[in-house]
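One structure below.
Just so you know, all these numbers are worked out from the coordinates, no wet-lab data involved. Here the structure is a predicted model, which means the values were calculated and not measured. Note that we place each Cβ from the backbone using ideal geometry, even for glycine, and neighbour counts take in every protein chain shown.
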Amino acid sequence: MKLAVDSMQVFFPASLEIQEELLKAGFKVPYDKESKARTPVPVVSSFSGGRVIRKERVLKAGKFENDGRYCILPEEKAWVEMLVNEKGFVTFKILPEEYHLEDLGFTSVPPRLWSTWAAFSLKFESIESITEALQEHASEKPKGIYLASRGTGREIEVYGYKGRKSKNLGIPVFGYSLGMKGLTLAEEYFREKAEENGVNPEVLRYLKLGLRKRKETRAGLKVGIVWKEGRPVRVNLRLSTTAPKIRITGIYGELTGKSRGELSSSSEWYFTVHANDLYWTLMEVSSAFGSR
C-alpha cells in the first residue's frame, strides 16, 4: 500500500556520527571561525503544501521562487509504502521524490540531545487504510500502551507509547535506515561544500552519510494523531532514539549526545515495527478525543 506523505523532516544534524564522518574528511562542521567555511548538516524536508522559509535557511532546493528574504517552495512529493510480512512486522519504506535541504538554524536545545530526529506525517484520512491493512495481523491488545500529548491551544498531538518508561520512545522499532546517499540535492550540496572546505570531492564516494539501527540502539516510533481546533488532521510517525550516549571531538571541543545508530552508505529509507503494536496504538490514540 502506497500513501502520500503530508510532511517529512529528517534531522541529520542530530547525528554526531555523521558530523564526525564529515569532520574526519576535512569538512568544517558546522562552522569554522578562521576560514569562515560553513557546512551545516542538512535537514531533508518535504511538504505537500509547499513552504515559505527564510532564504538563508535553504541549503539546496529544486524549484523555488525568491521573495525578498524568503524562499517560496512549491508543493513537494514524498511517499510511504507499507509492507506487512508473514511474521507480523510492518515496514514503512519512504520514497522522497521531491524535497529540499534546510539549515536547522538556532535552537535552544542542541539536536544531538533530542529524542525524536525524524518525523513523517500523513493525512488523517489515511488511517482507515492503515488500520484495515493491519487488522488481519493484529491479535490481543498488548498490555502497557499509554498516551501522552504535546502542543497547546489550537493544535494538540496525542501519541502512544509502550511501557511506562518509553514516553520518549513510543513503540519498539526493530530496524531503520535513513541517509543522504542517492539524494541528488545532497550530492550537489556536498560537492559544493567540498570545494568551499578545500576537500578533494573524490572522498565523497567513500563517505557514509546514512544511519541504521545498531543492536544496542534504543529506538522507538511515536505514533500520534494531531487535532487542530478539535478536528483530527494528521497521523504522525516520529522516529526516536535515546541510547547509547556517544562523544566526538568537534571543531571547538568534545560533544556529547544520543547515538542515532551506526553509519551506513545505504540509500534505503525505512523503519520497521510490530504490526500489533502499531494497530493497537493507532486505535488508542484515535479514540482519545472520540474520533472513532
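List of remarks:
- Restricting the range 44-66 to residues that are part of a strand (DSSP E or B) and basic (Lys, Arg) leaves a set whose member that is surrounded by the fewest Cβ atoms within 10 Å (Cβ to Cβ) is Arg54.
- Within the range 206-226, considering residues that are charged (D, E, K, R) and more than 26 Å from Leu185 (Cβ to Cβ), the one surrounded by the fewest Cβ atoms within 10 Å (Cβ to Cβ): Lys215
- Enumeration of residues in the range 173-189 that are in contact (Cβ under 8 Å) with a residue 24 or more places away in the chain and within 28 Å of Lys60 (Cβ to Cβ): Tyr176, Ser177, Leu178, Gly179, Met180, Lys181, Gly182, Leu183, Leu185, Ala186, Glu188, Tyr189
- Selection status of Val41, closer than 22 Å to Glu192 by Cα, part of a loop (DSSP other than H, G, I, E, B) and under 18 Å from the mean Cα position of the chain (by Cα): yes
- Of all the numbered requirements in (1) in contact (Cβ under 8 Å) with a residue 24 or more places away in the chain; (2) crowded, with 16+ Cβ neighbours inside 10 Å; (3) assigned to a strand (DSSP E or B), Glu81 misses one, and that requirement is (2).
- Criterion: surrounded by fewer than 16 Cβ atoms within 10 Å (Cβ to Cβ) and part of a loop (DSSP other than H, G, I, E, B) - qualifying residue of Gly175, Gly182: Gly182
- A Cβ distance below 6 Å, combined with a sequence gap of six or more or placement on separate chains, defines the contacts here; from the range 198-219, residues that are more than 18 Å from Pro13 (Cβ to Cβ) reach residues that are aromatic (Phe, Trp, Tyr) and assigned to a helix (DSSP H, G or I) in the pairs Leu204/Phe190.
- The residue pairs whose first member lies in the range 236-256 and is of a type in the set (Phe, Trp, Tyr), whose second member is loosely packed, with under 15 Cβ neighbours inside 10 Å, and whose beta carbons are closer than 9 Å, counting only pairs six or more residues apart or on different chains, are Tyr252/Lys33.
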